[in-house]
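Below is one structure; the comments refer to it alone.
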Amino acid sequence: MSDIIIITLFAILSKASDWREIEVFAKKHEEWLKKYLKLPNGIPSHDTIQRVISILNPNELYNNCLKYFIDIVNKYTPKQEKEIDILSLDGKTTNGSSRSKITTEEIAPVNTMSVYSHNYGVSLIQGYIEEKKNEITMGPKLIEQLDLVDCIVTAAALNTQRKTVESIVKQKGNYVLALKGNQKSFYQDIKDYLDDEEILKEIKKENYSEETEKSHSKIINRKYYLTSKIKWLNGREKWKGLKSIGVEIKISESIQTGEITEEKRYYIVSFENDIHNFKKAVRKHWGIENNLHAPLDIIFREDKNKTLEKNGARNLGVIRRIGLMILKLVQAFYKKSMKLIMFEISLDFENEIENIFKFLDVDSLNQLKNT
């Protein structure tokens with residue numbers, strides 16, 4: 001079993017994306033693999049690789065690898081005052097794992113919900129949303145397995161639910177959760193209040209921050225307002241730990257045309273008078289898309305994978321996430337994009353993978369860091 005897990009991980013790091021490609025990779029590097037693996041019966045077939053990977057428990061597989069990764073990061077990172085970690089709750093659909101009922105039985109895609117740590121750059125925990133079930137119920141189940149001390153949980157409006165809030169507070173965490181029309185009058189009351197220019201002028205005197213940046217062909221200005229004056233808010237007592245409400249106003253100006261667009265996002269917040277962490281949480285939430293979901297699709301082509309067996313698809317997703325952890329950990333030493341690192345691995349796998357596992361040795365990491 002361990003041989004097959006390692007073969008699958010190595011193959012994925014070398015740009016293999018399905019079971020047959022994993023078998024072809026292993027046969028191509030059989031002599032080299034025998035230096036490190038037992039392989040008593042030679043290279044297993046793609047059917048055997050698929051069967052073994054499909055029977056593993058995804059959570060056990062991920063948790064063991066995650067613990068190893070975090071231990072390395074903790075040893076390698078200099079000790080410093082603990083920084084608030086932003087944990088983003090979000091779901092991802094692997095579209096290639098589905099099929100329609102035009103030719104056969106309909107199979108829904110694999111839906112994975114993750115809680116992503118921005119400090120570590122990894123998903124701390126993940127759950128799988130079964131067919132015909134909503135992801136709303138998965139959030140609290142994941143959160144209740146985490147210690148959220150010194151953490152702020154963020155989520156898009158879909159997962160801004162009272163049970164989610166209760167789970168966060170129960171685990172001693174804070175939250176910055178987006179609101180939209182799914183909360184009906186509660187959302188509308190907050191929107192009306194934070195759309196009032198006179199109220200914003202008052203908030204600006206106390207809890208306000210602004211920043212401007214150039215992004216692609218636009219100049220983007222972001223304004224953040226946070227207020228704890230919410231005694232007027234009807235229904236606030238239903239949201240455990242609620243202490244503040246806030247808004248981000250994003251104004252984008254096209255450099256080419258001068259066209260200006262404005263977006264507003266509204267939030268409920270469990271802390272007071274901390275515009276820095278409010279802004280940090282709002283900005284970092286979308287990092288789960290850029291740092292987890294997008295790399296899985298762009299680098300590992302996850303959305304193209306056609307595995308239809310649910311647990312097999314889930315475990316391939318787990319192994320891709322392990323591969324992503326490894327690439328992030330060694331990226332500082334390659335000084336290249338993760339996509340380019342994978343390309344180099346595919347060109348000269350045996351030498352590159354040996355270098356990578358030297359980097360993963362803590363003593364070697366510290367020596368490299370000090371040179």
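The table below gives the values:
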quantity	calculated
Restricting the stretch 39-57 to residues that are in contact with a helix residue (DSSP H, G or I) (Cβ under 8 Å, 6 or more places away or on another chain) and in a loop (DSSP other than H, G, I, E, B), the residue that is modelled with the lowest pLDDT	LEU56
Helices (runs of 4 or more DSSP H) within the stretch 122-194 that include 3 or more residues closer than 16 Å to VAL269 by Cα	162-170, 184-194
Residue list for the stretch 73-94, restricted to those being at pLDDT 75 or above and touching a strand residue (DSSP E or B) at 6+ places or on another chain (Cβ under 9 Å)	ILE84, ASP85, ILE86, LEU87, SER88, LEU89, ASP90, GLY91
Residue check, GLY246 within 15 Å of ASP192 (Cα to Cα) and assigned by TED's automatic domain parsing to the domain that holds LEU179	yes
Residue that is free of Cβ contacts under 8 Å to residues at least 60 places away in the same chain, under 25 Å from MET338 (Cβ atoms) and not in a helix (DSSP H, G or I), where the choices are TYR68, TYR36	TYR36
Selection from the stretch 192-227 of residues that are touching a strand residue (DSSP E or B) at 6+ places or on another chain (Cβ under 7 Å) and farther than 14 Å from HIS276 by Cα	LEU194, LEU200, ILE203, THR212, GLU213, SER217, LYS218, ILE219, ILE220, ASN221
Boolean, LYS306 is at pLDDT below 95 and outside any helix (DSSP H, G or I)	yes
Residues that are under 17 Å from the mean Cα position of the chain (by Cα) and among the small types (Gly, Ala, Ser), drawn from the stretch 127-177	GLY127, GLY139, ALA155, ALA156, ALA157
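The values are calculated or read from the model by the stated rules, or taken from the named source; none is laboratory data. Not measured: the values here are computed from a predicted model. As a convention, Cβ positions derive from the backbone with ideal geometry for all residues, glycine included, and neighbour counts pool all protein chains shown.
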